[in-house]
Amino acid sequence: MKTKILVTGGAGSIGSALVHRLISFKDFEVIVVDNLCTGNFDNLPNVKEFENFKFIRCDVNDYNDINPVMTFNNFDYVFHYAAVVGVQRTLMHPVSVLKDFEGFKNIFTLAKNTLVKRVFFSSSSEVYGEPFEFPQNENTTPLNSRLPYAVMKNVGESFLKAYHKEFNMNYTILRFFNTYGPNQTSDFVIPRFIKAALNNSDITIYGNGSQTRTFCYIDDNIDTILKIFQQNLVVNDIINIGSDIEYSVLDLANIIIKLTGSKSKIVHLPCLKEGDMARRKPDISKMKNILNKDLIPLEEGLMKMISIYKKS
């Protein structure tokens, strides 16, 4: 009998990459639900080519939409990736973020009622807010962000912990730091910078560009998650998923200009009023132990994306 897996938000960047890998295993039956609000149907596999894959357009925040999907299929595992994504998008539309609470309630309650073995929840580095320590550790760093997006992710984490305590429903919380790949939308920093560079357009940076981020290529993200899933690791626990090598945003822009041979100029814009944290660096000790290989270097990952963009 095949293992039945639900991926909510599976048309998004990370979700779709996970789906492509899951369906390569013939003993997995994968169903994706997505309302295509921020996801892209073109990110998904061709349903005609894979007998073990199905897509259902569905809004997880609407109980009447998601209830029959979960009740009828009796999934073994759920990857809950559906969410309004992106700090700036959620700052502009904060009410839309609040609707994700209904999605938590629907997915977690239905998972509990249909005896799902484990729920994997995509949280975010944003729950750490402006960190007080470096690197950000899963257990010791305070979760202090007041941004709507971060607050909702924190609520989702708390929701899962409560369901485990009261109903013994198993979970894994995946705190994603910046993960980049070919299916990212252009409102994220790396696709935006690369596309501007390839067009020799200005690359715009908020502030002086000294704010730092770490960048994890999508393959390292998915390899880690598959090992967690298949080897039954990080059960009822939290793990940071990302890279621990910091780059300033200005350095990132200059690296992309160099790799593309671009004539783009860097233009500095006023600092954002909120949401642009000064520094990000996760403790990825757990991830490194699980992945058990070197992470893909930034320049190598960037060249993969540059090559793909040049062909498109």
Scan of segment 34-48 for residues that are farther than 10 Å from SER16 by Cβ and in contact (Cβ under 8 Å) with a residue 60 or more places away in the chain, ordered by number:
THR38
Might you let me know whether segment 212-230 holds any residue that is closer than 22 Å to VAL97 by Cα and either touching a Phe, Trp or Tyr at 6+ places or on another chain (Cβ under 7 Å) or among the hydrophobic types (A, V, I, L, M, F, W, C) (or both)?
no
Go through segment 1-54 and give me each residue that's acidic (Asp, Glu) and touching a Cys at 6+ places or on another chain (Cβ under 8 Å).
ASP34
Hey, among VAL69, VAL85, VAL47, VAL95, which residue is assigned to a loop (DSSP other than H, G, I, E, B) and over 19 Å from the mean Cα position of the chain (by Cα)?
VAL47
Taking into account only those residues within segment 43-99 that are among the hydroxyl-bearing types (Ser, Thr, Tyr) and under 19 Å from SER124 (Cα atoms), which is modelled with the highest pLDDT?
TYR81
Filter segment 100-139 down to the residues that are at positive phi and modelled with pLDDT under 95 and list them by number.
GLY129
Please pick out the residue among ALA162, ALA150 that is modelled with pLDDT of 95 or more, in a helix (DSSP H, G or I) and not assigned by TED's automatic domain parsing to the domain that holds ILE255.
ALA162
For segment 177-192, does any single residue satisfy the condition of being crowded, with 19+ Cβ neighbours inside 10 Å, more than 23 Å from ALA82 (Cβ to Cβ) and either outside the structural domain of GLU126 (by TED's automatic domain parsing) or of a type in the set (A, V, I, L, M) (or both)?
no
Assess whether ASN170 counts as being surrounded by fewer than 21 Cβ atoms within 10 Å (Cβ to Cβ), in contact with a Lys or Arg (Cβ under 8 Å, 6 or more places away or on another chain), over 22 Å from GLY301 (Cβ atoms) and in contact (Cβ under 8 Å) with a residue 60 or more places away in the chain.
yes
Which listed residue is in contact (Cβ under 8 Å) with a residue 60 or more places away in the chain, surrounded by 15 or more Cβ atoms within 10 Å (Cβ to Cβ) and not in a strand (DSSP E or B), from PHE79, PHE75
PHE75
Which members of segment 138-151 meet the condition of being more than 24 Å from LYS286 (Cβ to Cβ) and either aromatic (Phe, Trp, Tyr) or crowded, with 16+ Cβ neighbours inside 10 Å (or both)?
LEU147, PRO148, VAL151
For PHE108, are the conditions met, namely being touching a residue at least 24 places away in the same chain (Cβ under 8 Å), in contact with an Asp or Glu (Cβ under 9 Å, 6 or more places away or on another chain) and of a type in the set (Phe, Trp, Tyr)?
no
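The values are calculated or read from the model by the stated rules, or taken from the named source; none is laboratory data. If you're wondering where the values come from, they're calculated on a predicted model, not measured in any experiment. Ideal geometry is used to build each Cβ from the backbone, glycine not excepted, and the neighbour counts take in all protein chains shown.
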